[in-house]
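S.K.: I'd like to ask you about the structure that follows.
The values are calculated or read from the model by the stated rules, or taken from the named source; none is laboratory data. Note that the structure is predicted; figures quoted are calculated from it, not measured. Every residue, glycine among them, receives a Cβ derived from its backbone with ideal geometry; neighbour counts consider all protein chains shown. Only protein heavy atoms, including side chains, enter the accessible area calculation; ligands, DNA and RNA are left aside. Shrake-Rupley method; radii C 1.70, N 1.55, O 1.52, S 1.80 Å.
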Amino acid sequence: MQIDSQIVGLLLEGIRDTLYMVLVSTILGYALGLPLGIMLAVSDKNGIRPRPALYRILDIITNILRSIPFLILLILLIPVTRALVGKSYGSTATIVPLTIAAAPFIGRMVESSLKEVDQGVIEAAQSMGASDGTIVWKVLLGEARISLIVGVTISLGTILGYSAMAGVVGGGGLGDIAIRYGYYRWETGIMLITVAIIVVLVQILQWIGMRIAKKLDRRIP
Amino acid sequence: MAFLEAEQLFKTFHTANGDVEALKGVSFSVKKGQIYGVIGLSGAGKSTLVRCINLLERPDKGRILLEDHDMTALTDAELRKERQSIGMIFQHFNLLMQRNVLDNVCLPMEIAGISKKDARKKALEYLEAVGLANKAHAFPVQLSGGQKQRVAIARVLAGKPKLILCDEATSALDPETTGTILHLLQEINKKHQITMVVITHEMRVIEELCDEVAVLESGRIVESGLVSKVFNDPQSEAAKRLLLVRQTQDILKGTGE
Ligand SMILES: Nc1ncnc2c1ncn2[C@@H]1O[C@H](COP(=O)(O)OP(=O)(O)O)[C@@H](O)[C@H]1O
Ligand SMILES: [Mg+2]
């Protein structure tokens, strides 16, 4: 195997496409998953405004979406992706299934982060006359922020993994390269390099996320 | 005229292990500017009672009259408004761990819609009042228990309360720190004429802080009156028992020295 400038260019492009898909999908995933997680945490029977029926409905939808394997979701969503993006392959198109797969997963993580917040602090805010919105914003999100940042880090890693899977159906990015060269052309070397890059990217994202979390945590004396 | 009046409060908790009757018809009244104590053993229903006053817990039956307004009849929005003028101090302080001391004190002012800049300026004054201005930029994790409780007191003052509720405010503190916190509460009461309801299982808190006391046992007030009267001449078994606990502690302390 030769690593010529063409392959380097290809890999750089792959990295760029992968980061593009992962970052945009994470942002869109949070645009859906953050409100979902907040609603789950608030409407739970121990939440600040228990709404058992609403919780049940959100809970079931979240579970169903989470239990569909990503590859199946990818195929199921092809018509939706076509309608939204105009085509069903390439990195922009892959953002659609990635976002739909990420949102319920993110919702669950946000829910669990918010539920970790000390009940006593929530009560203190209620005793001051805080509205539910204020409690969500200043107490739940504020106090859970470290756990939420760790959640973002986990999401980035998971979505990066999903994005590589999308390579099977021409999803663009590093996964696409790995499949095209490794599987169809038997260029194991390029495939291994691609996999290594994915691993390194996940590591870097984890490292950055954990650094930020640690730096912002005020519970460490 | 009573400033605060609890009328026949009932509260039952329905749990997996059956019903728990926490309050079985509790009534009492507090005059303006008074420090009213409620003492009882663990599980007597003290926390439930004090939480019924600001409706963190809604009584099944009964009314809470604050300056003749029925708290239980308020809408959610009215209740939130009313709570802004009722401060609450907790056993475990309940400070926001991710906010520094100054911003913790700002919280009630933010809720009241005061701008961040004005709130910060005022917060510093309240911290001065509790002797912690030098810790304004520290985080709760860096403070001792007594300091945390003083921040909580500054936070309560920031809401300009007409009533302060204390639920075991000194129970997580050592005896010496308990003394300084009790002194601070007394000073606040004297200076601003703020009415207080103090819940405790410690006799000392009642003796050092309160004007009147009610003894709560199994969800009922079994005795009440001026502190001096109740503890010089206890009528109920519960009050006698509490007194005995106190005397035993004194004796043990005496032999220890
Ligand atoms: N949220 C709750 N759910 C179920 N039982 C409760 C709840 N809060 C209090 N209780 C029960 O009510 C009784 C009185 O509790 P509490 O008011 O906390 O007593 P105290 O503060 O005097 O120790 C106890 O038996 C306690 O277990
Ligand atoms: Mg209690």
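S.K.: By the scheme Lys and Arg +1, Asp and Glu -1, what is the net charge of all other residues having a beta-carbon under 11 Å from that of B:Ile181?
M.R.: Working: positive: B:Lys148, B:Arg150; negative: B:Asp174, B:Glu176, B:Glu187, B:Glu208.
Residues near B:Ile181 contribute -2 overall.
S.K.: Between A:Gln6 and A:Lys87, what is the label-to-label distance in nm when each label sits 7 Å out along the Cα-to-Cβ direction?
M.R.: 2.1 nm
S.K.: Using only Cα atoms, locate the centre of segment B:175-207 and the centre of segment A:19-58, then give the distance between them in Å, rounded to an integer.
M.R.: About 43 Å separates the Cα centre of segment B:175-207 from the one of segment A:19-58.
S.K.: Return one whole number: the accessible area per residue of the protein assembly as shown in Å², for a 1.4 Å probe.
M.R.: Details: 22890 Å² over 478 residues.
Per residue, the protein assembly as shown has 48 Å² of solvent-accessible surface.
S.K.: Would you mind getting the Kirkwood hydrodynamic radius of the protein assembly as shown from its Cα pairs, rounded to one decimal in Å?
M.R.: Computed over the protein assembly as shown, the radius equals 26.0 Å.
S.K.: How large is ³J(HN,Hα) for each residue in segment A:4-12, as worked out from phi by the Karplus curve 6.51 cos²θ - 1.76 cosθ + 1.60 (θ = phi - 60°), to whole Hz, x for Gly and Pro?
M.R.: Per residue, the Karplus-derived 3J(HN,Hα) values read 9, 5, 5, 5, 4, x, 4, 5, 4 Hz.
S.K.: Using a cut-off of 11 Å between beta-carbons, work out the net charge of the residues near B:Ala214 (Lys and Arg +1, Asp and Glu -1, B:Ala214 not included). Display every interim value, and only then the final one.
M.R.: Working: positive: B:Lys46, B:Arg220; negative: B:Glu212, B:Glu217, B:Glu223.
That sum, taken over residues with Cβ under 11 Å, equals -1.
S.K.: Mind checking which of A:Ile179, A:Ile64, A:Ile75 has the largest fluctuation in a GNM of chain A, springs on alpha carbons under 10 Å?
M.R.: A:Ile64
S.K.: Same structure again: Could you list which residues have their amide H under 5 Å from that of B:Leu9, counting only those 5 or more apart in sequence or on another chain, with H placed in the peptide plane?
M.R.: So B:Leu9 has HN proximity to B:Gly25, B:Val26, B:Ser27.
S.K.: List for segment A:108-155: residues with 50 Å² or greater reduction in accessible area, all protein chains versus chain alone, probe 1.4 Å?
M.R.: When all protein chains are present, A:Glu123, A:Ser127, A:Met128, A:Gly129, A:Lys138, A:Glu143 each give up 50 Å² or more of accessible surface.
S.K.: I'd like the Karplus ³J(HN,Hα) series for segment A:24-38: coefficients 6.51, -1.76, 1.60, θ = phi - 60°, whole numbers in Hz, and an x wherever there's a Gly or Pro.
M.R.: 5, 5, 5, 4, 5, x, 6, 4, 8, x, 5, x, 4, x, 5
S.K.: Using a simple charge model, +1 on the beta-carbon of Lys and Arg, -1 on the beta-carbon of Asp and Glu, nothing else, what dipole does the protein assembly as shown show about its Cα centre, in debye to the nearest 20?
M.R.: With only Lys, Arg, Asp and Glu charged at Cβ, the dipole is about 1080 debye.
S.K.: Let me ask you something else. Taking trypsin sites (Lys or Arg not before Pro) as candidate sites, keep only those in a DSSP loop with at most 13 other Cβ atoms within 10 Å, then name the longest stretch of chain A containing none of them.
M.R.: On the way: sites that count: A:Lys45, A:Lys87, A:Arg185, A:Arg219.
Maximal segment without exposed cleavage sites: A:88-184.
S.K.: Given only helices, namely DSSP H runs of n ≥ 4 each adding -39500 (n - 2.57), what is the per-residue ellipticity at 222 nm of chain B, to the nearest 500 deg cm²/dmol?
M.R.: Numbers: 9 runs with 106 residues, N = 257.
The helix contribution divided over chain B gives -12500 deg cm²/dmol.
S.K.: Also, I was wondering about something else. Can you find, among B:Ala123, B:Gly87, B:Ala73, the residue sitting farthest towards the positive end of the charge dipole of segment B:40-126, where Lys and Arg contribute +1 and Asp and Glu -1 at Cβ?
M.R.: B:Ala123
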